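A.B. asks: To start, I am sharing the structure in question, which I have written as structure tokens.
Read-outs throughout are calculated quantities, based only on the coordinates presented, and are distinct from any laboratory measurement. Note that the structure is predicted; figures quoted are calculated from it, not measured. Here the Cβ positions follow ideal geometry from the backbone for every residue, glycine too, while neighbour counts run over all protein chains shown.
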Amino acid sequence: MLVALAHQPRSGPAVTANLDETVTPAGGSWHSRRRLPARSGVYQANSGVEAMGSRRIVRSLLVLAVSLTLGTAVATAGPAAAQPHPAPGSVLGLPTPDPDPFYAPPPDLAERKPGDVLNVRQMPPNLYFPGSAVWEVLFRTTDSRGLPIAANTTYLLPPNHEPDGPLTSYQHIINSLGHKCKIATELYTTDPFTQIREAPGLNIALARGWAVALPDHLGPRMAYGAAKLGGQITLDGIRAVKNIPEFEVTNSKVALGGYSGGGMATAWAAALAPTYAPELDIVGVAHGGTPMNLTTMAEVLGGNPHPAFGLAMAAAIGLDREYPDRIDLGDQLNGKGRWLRSMISNGCTNEIMFWGVGRSASNLTSNPDFMDNPEAWEVLRENSLEFYPGIPEAPTFEWHSPTDVLIPVHAIERTNARYCANGAYVTSMLTPSPDHLSAAALGLFPALDWIDARFRGVPLPDHC
């Protein structure tokens, strides 16, 4: 799990694609009345973003390995003695709504099908991904209770992409609770410390001519911890970009990738695809450092203090948001707990880690039996891939450190073995790194080469 630095809201005006400004598709499908602008078109980006971006892309290429190994160092500083007032709108644990009207769902959302396009706009050129056109797409998907919601994905189209060429959906690590932490926002933030750490790997994919989708897989409630939701959003995001003919991926083969929290969304998408989105031609899935058993992680943490407790608290808040009829976090919290919830409810990873460092569940509740909640344990189980009976049909490349202490490694091994026993193809790579974070960099580039082989139709080597 990465520790990002504080994020600020997106800067600079969006450039609306020439598809009739923010057109709502008729009849539940996308009907383009005008061609999108040529990818070589010139856009006037905010000058501050442009100047900052050129420095940022170079810096991100240089610090990939370092930034992935920093881990929770920023959290060791501990919270300040003074406790500032919580952000407005955060008292009840819900995120402050994104003020951008682009993300507002239409009134007839329930009448749309999963993957239907609700809104689309072209964005200014992004110097993380030089030469590639950038779009944001709002689409209809389904939440964990089966209700319709609107989610978004960012779509990157490189100039060398061939029509119906490869499409990769990459699920970032978004260990956050606030809309300012979305990938769509981080790409255009003016915060000089914010970096898209996976940009070097994604630029390799773009250089190979692959189109790339970057879904904000936590959904409109920023429901961190709701892993199954992330899988559904990922699959519907792929459907959405395929539903826009001008994106040139209508008949494309698809690959999925992600690490850690992004690996959860990726692995869930792979397991759900045979029943949730069987029409997608997914030729390969690569995920690493994937937490596959949330119940084990909760049991290990228990009521003990932990330097990364903020992430556990964030997951509790996220699941409370996604399952309000089954989890009532507010009834469990004492004054300290409510204060911490209010402080991190719109936070990105660094804020969550900072305010949660060294705390524990037992300090935030007055209920000595707070661990004895069968419904909460069932929600954790429902979001633990180890217990989901579905089997991926697409071949999988999985990697992790055998000594990773942040995730239950045995859950990965058991899940891989179950997949193999049921006829799935899985190849697992053990990295020589001793920890969770450095394994991300060590597996990223082998994963890209493995996916490239799947796109080229190279026969799979013998394995399970």
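A.B. asks: Treating only the Cβ atoms of Lys and Arg (+1) and Asp and Glu (-1) as charged, compute the dipole magnitude of segment 352-409 about its Cα centre; round to the nearest 20 debye.
C.D. replies: That gives a dipole near 300 debye.
A.B. asks: Greater than 21 Å separation of Cα atoms is the criterion. Which listed pairs, K182/K228; K180/K242; K180/K253, meet it?
C.D. replies: Long pairs (Cα-Cα over 21 Å): K180/K242; K180/K253.
A.B. asks: Same structure, new question: For segment 167-180, just list the computed ³J(HN,Hα) in residue order, Karplus coefficients 6.51, -1.76 and 1.60, θ = phi - 60°, integers in Hz, with x standing in for Gly and Pro.
C.D. replies: 10, 10, 9, 10, 9, 6, 6, 10, 7, 8, 10, x, 5, 5
A.B. asks: Subtract the Cα-Cα distance of T190 and S366 from 0.36 nm times their separation in residues, and report this length gain in nm to one decimal.
C.D. replies: Stretched fully, the T190-S366 segment lengthens by 59.2 nm.
A.B. asks: Summing Lys, Arg as +1 and Asp, Glu as -1, what charge do residues with Cβ under 15 Å from the Cβ of S144 carry, S144 excluded?
C.D. replies: Overall, the nearby charge balance is -2.
A.B. asks: Cβ neighbours within 10 Å, averaged per peptide: list 338-347, 144-153 in order, most packed at the top.
C.D. replies: Most protected by this proxy first, the peptides run 338-347, 144-153.
A.B. asks: Quote the FRET efficiency, to the nearest 0.05, computed for D281 versus R326 with a Förster distance R0 of 35 Å and r equal to the Cβ-Cβ distance.
C.D. replies: After rounding to 0.05, the efficiency reads 0.50.
A.B. asks: Oh, and also: Could you list, bin by bin from short to long, the percent of Cα-Cα pairs of segment 383-464 in 5 Å steps?
C.D. replies: 3, 14, 23, 22, 21, 14, 3, 0
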